[in-house]
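Written below as structure tokens is the structure these notes are about.
The values are calculated or read from the model by the stated rules, or taken from the named source; none is laboratory data. Every value quoted in this text rests on a predicted model; they were computed, and no experiment measured them. Cβ placement follows ideal geometry from the backbone for every residue including glycine, while neighbour counts extend to all protein chains displayed. Surface accessibility is based on the protein's heavy atoms, side chains included, excluding ligands, DNA and RNA. Shrake-Rupley method; radii C 1.70, N 1.55, O 1.52, S 1.80 Å.
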Amino acid sequence: MRCAVKHIILWVLLAAAFTGCGLVDEDLRDCETDYTIDYELRLVTNMTTELQTQLSLAADITVSNALKTYLEGIFTDFAHDVDLGFYDVVEDSTRLHHETHIMDANQSSYTLYIPVRKYMHLALANLSGNERVRLQDTQRCHTAGLVQEVADTLFPHRSGIFTARLPMDVKEGQDQQFDVRLYIANCATALVVDTLGSHLKDIKVFLSGFATGFDVCDSVYHFSYTPVLRADELVLPASGTRCFASVNFPSREPSPSKAADHSLWQYKVYATLPDGKVTETILGLSKPLRAGELKVLKAKARENGQVYPGDPTVAVSVTLDWNPGLEIPVDI
């Protein structure tokens, strides 16, 4: 599968302010060496390929365009804001220096004054305005992580979040260049449902099986509990097609201890019939959804509310006359 790669470069000048120099030599010229850090926001995504493969028909153009609009702030090469943290690597990994900046550009320059020493550098982009995800426990390197609110039902992320980590040995009196590449930490899905002839009163879509948090330094996702994610319905013309999309953390990876067809994540579809009854369809996908990826699944709705996927590898479980329980807060 070909991946689209886009990037921006942020030039940052690091001016050394090594306090110990003055104790040895009152001439501070040796302490005024400039250091350059190149920040490259690298987007590796299958979005274009997935849209061309799954939504290639003329009838799919409206859906494809709506998805592109929905995801334009997710799969992007544009950094609105950056969060830069420099951590101690000798003693207790505490944060020694921290700055945040609004970029709103493809290239920018900052001057940072930090002592000459070894660091673990953590960088993040596009956190501002994403009320669904926040950065917490940043005072120590190995506790800094992205988390979502703790709730039974979550909502999709509002921006593509990029992260990086880089060991840095800032030395006195040497011309140095550090390359920091930031990669996207979330992904996206879309369920496209053909409703022609089904006469359904309403459809609501939820998802489950995705990570709840991400450790920035270790680049590890966490699955501390199993939340349900409410998908956004995209606005489409009255065409008999409905599209539900979400932006979230990735799914689990396949486990050798489980069968190859074991579902790693699921769509949960609740279709309301004209008489008010609800049919639940659970679509289980065994292929992992990874950071930077978009998965588009097309399906057909039937008169009894069942929703069948066009992909035969997707597992299907249907419950007719489903009654709302405690697991899914569906507004009927």
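In the range 163-175, the residues that are over 24 Å from T100 (Cα atoms) and surrounded by 13 or more Cβ atoms within 10 Å (Cβ to Cβ) form Cβ pairs under 6 Å with partners that are at pLDDT 85 or above and of a type outside the set (G, A, S), at six or more places apart or across chains, as follows: E172/V116.
Just so you know, in the range 254-285 the residues that are of a type in the set (D, E, K, R) and farther than 18 Å from A188 by Cβ include one that is modelled with the lowest pLDDT, and it is D261.
For the criterion of being in contact with a strand residue (DSSP E or B) (Cβ under 7 Å, 6 or more places away or on another chain), of a type outside the set (D, E, K, R), within 30 Å of A238 (Cβ to Cβ) and open to solvent by 30 Å² or more (accessible area, probe 1.4 Å), L200 passes. If you check F210, F178, F214 for being closer than 30 Å to T62 by Cα, of a type in the set (F, W, Y) and either surrounded by fewer than 19 Cβ atoms within 10 Å (Cβ to Cβ) or under 23 Å from the mean Cα position of the chain (by Cα) (or both), only one passes: F210. Selection of the range 156-180 for residues being among the acidic types (D, E) and part of a loop (DSSP other than H, G, I, E, B) yields E172, D175. For the range 243-256, check the following and say yes or no: at least one residue is over 17 Å from Q54 (Cβ atoms), open to solvent by 30 Å² or more (accessible area, probe 1.4 Å) and part of a strand (DSSP E or B). Scanning the range 243-256, I find no residue that is over 17 Å from Q54 (Cβ atoms), open to solvent by 30 Å² or more (accessible area, probe 1.4 Å) and part of a strand (DSSP E or B), so the answer is no.
Within the range 71-90, restricting attention to residues that are at pLDDT 85 or above and open to solvent by 50 Å² or more (accessible area, probe 1.4 Å), the residue that is nearest to T53 (Cα to Cα) is E72.
Residues in the range 292-301 include at least one that is open to solvent by 30 Å² or more (accessible area, probe 1.4 Å), farther than 20 Å from G197 by Cα and either modelled with pLDDT of 95 or more or among the aliphatic types (A, V, I, L, M) (or both). Do you know which of the residues in the range 26-35 that are touching a strand residue (DSSP E or B) at 6+ places or on another chain (Cβ under 8 Å) and either open to solvent by 30 Å² or more (accessible area, probe 1.4 Å) or aliphatic (A, V, I, L, M) (or both) is modelled with the highest pLDDT? Checked the range 26-35; the qualifying residue modelled with the highest pLDDT is D34.
Within the range 181-236, the set of residues being in a strand (DSSP E or B) and either β-branched (V, I, T) or free of Cβ contacts under 8 Å to residues at least 12 places away in the same chain (or both) comprises I184, T189, V192, V193, I203, V205, V220, V228. Within the range 106-155, the residues that satisfy the criterion of being closer than 19 Å to D218 by Cβ, in contact with a strand residue (DSSP E or B) (Cβ under 7 Å, 6 or more places away or on another chain) and surrounded by fewer than 15 Cβ atoms within 10 Å (Cβ to Cβ) are K118, R134, Q136, D137, Q139, R140.
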